[in-house]
Structures are given as structure tokens and as C-alpha cells.
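One structure below.
Coordinate-derived values only; no laboratory data. The shown structure was predicted, so the numbers you read here are calculated from the model rather than taken from an experiment. Every residue, glycine as well, gets a Cβ built from its backbone with ideal geometry; the counts of neighbours run over all protein chains shown.
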Amino acid sequence: MDDIIVAGTTEDGTVTALHLQVKNSIAFTSGDANWIDVLQRAWDTFTQTDFDRTNMRFGVGIGRYSARADDQYQSVLSWARYSESAGDFFLRIERRDFSSEAKIAFVQTIRDVVTTYIEGPVAHEELWKFLKCLLVIHFDFQNVEVSCDGEATCDRLRTLFTDDMENRARQLWDHLIG
């Protein structure tokens, strides 16, 4: 699927993974070719026989902040993760006094894209499980001078260099995002 795969192993030996497509921005609509591509690749990852739905995740990393994604879509994905069942999740989404048009449209767009991609309907249960694994991650790399993520990364990179090479961390970071 991926621009980035972060693989890991827990203390008990369980394999974990995060599969990400990285985009500058996403509109999260059925007319956004980038979003459609992300969802199709995510579905392919989700349906692989070795994909562990408990310990693996997939999604999109975006470089341009989206207030709507943070305000509306992150709630949907959180509700999916913490709902006890597909029925519980869809009850939350469909309650007009609890949900919102943006949340409902977000789920419907994902359903429509997946349905078109697999050329058939996707069951509530399967869509809920897919949404439980889906992540939208914001990386604030657009404003290099004030990027919290950029500074945190440089701080971590500095630990890889000797004291006399400390400025190499910034040079490496600039090269990676350049």
C-alpha cells in the first residue's frame, strides 16, 4: 500500500505494523483521487491474509492541517475503535443529535469508494472493522521554521550523531523533506 511501513514487535513477540500513504493534503471526498487511492490501497492491505486487525493499522499521513479532519473524522475513527460492535458504531453515526452531517458523509464516502472498488456491497461489520484500523495522521511539515514534528524529529536524529556533528541532524532532516 505504502509510502511508509513502520514495523515493530511487542515485548511478547507480537508483530505490529503501520502502513501509510503520505499526501500533502486530502479532501476526504469521493471526488478526491488521492483519497480514493488511499482507501483502495488500505482495503487491499486490510484484506491480506496476514493482516492482523488487532495489531496492525493503515491510513494516510497528511502534511497540510485539516480542521475538519481533526474535528469530525478523527471522532468517527475513534468511535469505530471504541465501539463494542458494528451496531453500536452505526447507531452513533446515525443519531442526528449525537453525530453530524460531516461524520455521516465521511462514513458514506468510505462505504461508496470501497463498494465501487470491490464491485459489491460491504457489510456493516466489515466496514466497522476497516474503520477501526484506519488512521489519519497529521504531520506539520509545511511550516519548516515552526514545525513541532520537524523539531522533534531533529532532536531524535541528533542522538545518532556525535557532539561535533550535531548540525548534521538538521541537514539530514532538510534533505529528507526537501
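Taking the inverse of the mean 1/r over every pair of distinct Cα atoms in the range 16-96 gives a Kirkwood hydrodynamic radius of 14.1 Å. Normalised size of the chain, defined as Cα radius of gyration per 2.2 N^0.38 Å with N residues, equals 1.16. When +1 charges are put on Lys and Arg Cβ atoms and -1 charges on Asp and Glu Cβ atoms, the dipole computed for the range 4-139 relative to its Cα centre reaches about 340 debye. Given a Förster distance of 25 angstrom, what is the FRET efficiency for Glu125 paired with Thr29, based on the Cβ-Cβ distance and rounded to 0.05? It comes out at approximately 0.50. The 3J(HN,Hα) values that the Karplus relation (6.51, -1.76, 1.60; θ = phi - 60°) gives for the range 152-165 are, in residue order, 5, 5, 4, 4, 5, 5, 4, 5, 7, 10, 6, 4, 6, 10 Hz. Gly and Pro appear as x. Packing around the peptides 115-122, 76-83, taken as the average count of other Cβ atoms within 10 Å per residue, puts them in this order, highest first: 76-83, 115-122. Were the residues from Leu160 through Glu101 laid out at 0.36 nm apart, the gain over their Cα-Cα distance would be 16.5 nm. For Gly61, the residues whose amide H sits under 5 Å from its own are Gln21, Val22, Lys23, Ile137, ignoring neighbours fewer than 5 places away on the same chain, with H placed 1.01 Å from N. Hey, if you put +1 on the Cβ of every Lys and Arg and -1 on every Asp and Glu Cβ in the chain, which of Ala27, Phe98, Tyr73 ends up farthest toward the positive end of that dipole? Value computed over the given set: Phe98.
Here the relative contact order of the chain, from alpha carbon pairs under 8 Å that lie six or more residues apart, stands at 22 percent.
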